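For reference, the structure discussed in these notes is given below.
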Amino acid sequence: MNALTTEKLTKAYSTKVALHDCTLAIPQGSVVALVGPNGAGKTTLLEIATGLVKATSGGATVLDGLEPGSLAALQRVAFVAQDAPLYQAISVGSLVHLAEALNPIFDRDFAIARLKEVEVPWKRRVGKLSGGQQAQVALTLAMARRPELLVLDEPTSGLDPLARQEFLAHLMNQVATSGMSVIFSSHSLAELERVADYLVLIVSGEIQIASPLEEIVAHHRVVVCAPGDLDGRHEIEVIDRQLDVRFGSHLVRTRNMETLRGLDSHATTLEEIVLGYLRRAQGIRVLEEIGRS
Amino acid sequence: MDIDKDSLPTQQDHPSPISFGLDLRSGVPTYLQLVQQVEAALRLGHLQVGDRLPKVKDVVSSIAINPNTVLKAYRELEIRGITSGRPGVGTFIVVAPPTISTKAFDQLRSELVTGWLRDARGVGLEDDAIVALFHSALSESMYLANSEGSRSESDGDA
Amino acid sequence: MTALAEQESRGDRLRTPGVKIRKIVRAVFIRNRVPLAVLACLFVASALIIHWLSLGIVVKTSSQTYENPQYLLYFRLLVFSLPFLVGVLGGAPLLATEYESGTFRFTQTQGVGRRRLLLVTLASYLLLLIAGSGFVSLAIGQFYRADSPVQPMPIWAIGGFFSQPLLFVAMVVACFCAGVFIGAVVRRTVAGITAAVTTLSIGALLIYVELFQKSLVFMSSSVTTNFDSFQRHAYLIADWVENGHGQRIVNGGLLSPAQFQILHVTRHYTFWVQFVLASRYHSVQLLWAVIFLLIAVVGIIGAFIRLGGKDRLLTRPKATDQSLRASPSFSKGRKGEEGGPKSGNLNSKNESEESN
């Protein structure tokens with residue numbers, strides 16, 4: 001059972017390639033964090049998963065074989081876009097009625113209760129709410145649809161720390177209650193380490209990591225050695241190294257810990273691993289620019 | 001989870017005596033933090049045999065972590081023999097964790113002072129370096145135990 | 001069973017009963033109540049003004065002229081600006097604002113299905129437009145009755161022709177649909193309105209200087225009567241309007257500019273066309289109504305295509321490939337690549353869930 005499957009997914013816009021050959025198989029029930037620098041293609045991937053954008057080539061399916069954007073998929077996948085675009089001119093109450101009228105399943109009691117809980121005034125115009133409140137409204141409407149897959153594009157970016165904590169707590173509560181899958185993009189590594197159990201790291205439109213969090217931590221080590229010490233060892237990929245040093249720490253990825261025998265290696269945090277990949281990507285970009293000039 | 005609410009409404013009246021907290025900077029995996037907190041609460045007497053652990057939903061709502069992490073911690077506690085899950089009722093403390101005897105504790109301590117620490121000073125390590133070394137070794141042994149544990153576990157599943 | 005059929009049947013099975021049309025209409029009214037109210041007000045106000053104008057018309061029976069000819073001007077202005085306003089203020093912003101504000105990301109991901117929603121939205125708008133413009137056309141009819149003793153506006157004059165009540169409804173619908181299409185293409189509110197103003201103005205201008213006359217000629221040349229002369233004259237008009245060399249020809253011979261000027265000034269050609277077409281007045285109007293409705297249909301289809309319905313209408317999505325769908329090998333390969341212990345916590349979630 002997969003929440004999201006993509007195969008060789010590519011999306012090219014007229015000016016740039018947003019996604020290149022992305023292949024993913026995310027099991028259902030996961031809480032997936034989608035991480036990457038700005039412009040890496042996170043939003044494009046999420047919009048393809050919700051059917052708002054069509055892939056140039058390759059395919060994507062949600063919830064085991066449903067075409068994104070098809071009626072069956074729309075009924076079971078909810079989406080909150082970045083900055084939670086909502087109709088500004090109508091009241092919160094009208095918006096709830098609107099969402100109710102647009103969905104076959106809608107838990108109005110839940111929506112009313114949750115909006116009360118996050119102190120969003122029922123009669124106020126949406127346009128007069130703060131950004132955080134609008135985010136809460138958008139999330140409430142999405143959750144009230146009782147989706148099997150909830151897709152969130154930077155849901156916490158407009159929230160203050162307390163609201164962010166409450167938001168995540170509520171989201172996790174829903175995951176625990178309904179077993180729904182969640183895919184969310186985020187810039188906060190601390191946040192994702194806390195709530196996610198699956199990580200997709202995407203840089204310049206290409207997927208760097210897509211694994212359960214535990215596997216990622218288990219398969220990456222920091223090795224402190226001279227660069228030459230890593231040569232000739234099998235099943236090892238050096239992700240990040242300090243350049244121009246005779247002796248330094250290397251972030252390596254390997255499934256076979258035996259290959260590191262005899263080296264000083266230690267486990268590291270998810271944050272360091274992600275940063276290592278980001279540094280590598282940046283380094284490649286710098287090298288490319290140097291090569292071009 | 002709704003079932004136990006209906007069949008056993010009294011459970012709601014007795015909140016679990018423990019609530020969890022989280023230290024995100026410790027580098028200790030979240031599920032292990034929960035396990036350690038239960039063990040610590042047992043050692044300090046805040047939890048006793050027969051107490052019920054909070055529901056996954058409640059833990060998740062209070063500290064905003066992934067429900068699977070809580071489940072993993074609870075499973076770990078069961079594997080360690082500290083708790084037992086009764087389907088539809090909850091997870092209960094069945095045994096206090098094996099506490100080390102004072103004698104063993106004293107022995108370990110003196111071994112550390114007269115053995116390893118003396119050696120460390122002998123090669124010229126300063127206090128800071130010793131602490132750093134200890135932390136690094138501790139975290140490595142923890143990750144080793146952790147990865148071995150999860151490997152054997154998944155083998156079991158297969 | 002093919003992979004595709006299998007997938008479709010699965011989709012059907014999973015499908016919750018769709019959202020009822022009544023509910024969607026409610027949603028449309030919640031979402032678009034301001035523009036819908038504005039349009040309704042526009043129609044009611046126009047009808048009232050036309051009614052008031054028709055009451056105010058005073059005919060001098062002695063000279064067969066009006067005491068207040070400016071009323072006729074107001075009437076025409078109103079009748080022609082109304083479809084224009086509907087297209088520009090009602091049609092163009094309908095989809096353009098959704099794209100500009102990003103709310104299409106909200107609307108198009110709701111469980112109703114985007115094609116169904118767009119269809120119901122357009123249908124609701126069109127119903128209101130037809131009802132509203134029908135109401136206005138009643139007022140127009142009344143205006144003509146008041147005006148009938150004088151007939152200062154010949155029925156073939158472009159103003160009189162197009163303010164025929166039923167043609168008026170078709171015109172409103174066409175302008176609206178064209179506006180919707182332009183809005184869907186431009187995807188910006190102000191730019192969309194500007195583009196709609198430009199396009200509709202150009203359209204009106206074309207109709208005024210070119211197409212209307214040509215349609216008369218076309219119809220008159222298609223008329224078959226027993227009278228050869230009528231045919232001939234109709235033919236004369238057809239050739240006279242243009243012959244491809246910039247020369248104006250009369251029955252195969254050339255017409256001097258002076259002759260042309262005379263004919264033009266005395267409006268002889270109009271006379272002939274009118275004469276030939278007199279019995280066909282309503283056919284010509286029907287032709288125009290059909291043209292307007294075609295414009296409307298093209299606009300709606302265009303808007304659908306622009307909204308991303310294109311690949312779903314014309315081609316099958318690639319994602320339904322068997323290779324991707326029946327993917328045990330695929331996902332296994334993926335996991336194998338990541339390797340190592342596949343955390344069992346997801347699978348065992350349901351088991352341990354009960355314990356709490």
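The values are calculated or read from the model by the stated rules, or taken from the named source; none is laboratory data. For clarity, every value in this text was computed on a predicted model and none was experimentally measured. With ideal geometry, Cβ positions are generated from the backbone for all residues, glycine too; neighbour counts draw on all protein chains shown. Surface areas here come from the heavy atoms of the whole protein model, side chains and all, with no ligands, DNA or RNA. Shrake-Rupley method; radii C 1.70, N 1.55, O 1.52, S 1.80 Å.
Summary table below
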{"quantity": "Other protein chain Cβ atoms within 10 Å, averaged over every residue that makes up A:213-221", "calculated": "6"}
{"quantity": "Distance in nm between pseudo-label sites at residue B:105 and residue A:83 (7 Å out along the Cβ direction from Cα)", "calculated": "5.9"}
{"quantity": "Residues whose placed amide H lies under 5 Å from that of residue A:240, excluding near-sequence neighbours", "calculated": "A:251"}
{"quantity": "Interchain or long-range residues, amide H under 5 Å from residue A:56's placed H", "calculated": "A:10, A:11, A:12"}
{"quantity": "Karplus-derived HN-Hα couplings along region A:10-21 (A = 6.51, B = -1.76, C = 1.60, θ = phi - 60°), whole Hz, x at Gly and Pro", "calculated": "9, 10, 10, 8, 4, 9, 8, 8, 7, 9, 9, 6"}
{"quantity": "Inter-label distance for residue C:201 and residue C:127, nm, one decimal - labels placed 7 Å from Cα along Cα-to-Cβ", "calculated": "3.6"}
{"quantity": "Ordering of C:66-74, C:135-143, A:167-175, B:113-121 by packing [mean C-beta count within 10 Å, highest first]", "calculated": "A:167-175, C:135-143, C:66-74, B:113-121"}
{"quantity": "Chain pair C, A: total accessible area buried, heavy atoms, 1.4 Å probe, Å²", "calculated": "5000"}
{"quantity": "Accessible surface of region A:98-145 [probe 1.4 Å, protein heavy atoms]: carbon and sulfur percent", "calculated": "46"}
{"quantity": "Neighbouring partner chain Cβ atoms per residue of B:83-91, average, 10 Å criterion", "calculated": "3"}
{"quantity": "Phi to ³J(HN,Hα) by Karplus 6.51 cos²θ - 1.76 cosθ + 1.60 over region A:53-67, Hz, x for Gly, Pro", "calculated": "10, 9, 6, 6, 8, x, x, 9, 9, 10, 6, 6, x, 7, 6"}
{"quantity": "Total accessible area lost when A and B pair, probe 1.4 Å, Å² to nearest 100", "calculated": "1600"}
{"quantity": "Partner chain coverage, peptide A:94-100 - average Cβ within 10 angstrom", "calculated": "4"}
{"quantity": "Chains C and B together, accessible area buried on both sides, 1.4 angstrom probe, square angstrom", "calculated": "1300"}
{"quantity": "Nearest-ten-degree value, helix A:131-144 long axis tilted from longest Cα axis of chain A", "calculated": "80"}
{"quantity": "Placed amide H near residue A:64: partners under 5 Å, 5+ positions off or other chain", "calculated": "A:2"}
{"quantity": "Relative packing of peptides C:166-176, A:264-274 - highest average C-beta neighbours within 10 Å first", "calculated": "C:166-176, A:264-274"}
{"quantity": "FRET efficiency estimate (nearest 0.05) - Cβ-Cβ, residue C:70 to residue A:177, R0 51 angstrom", "calculated": "0.10"}
{"quantity": "Inter-label distance for residue B:127 and residue C:187, nm, one decimal - labels placed 7 Å from Cα along Cα-to-Cβ", "calculated": "6.4"}
{"quantity": "Principal-axis tilt of helix A:108-117 within chain A, Cα atoms, nearest 10 degrees", "calculated": "70"}
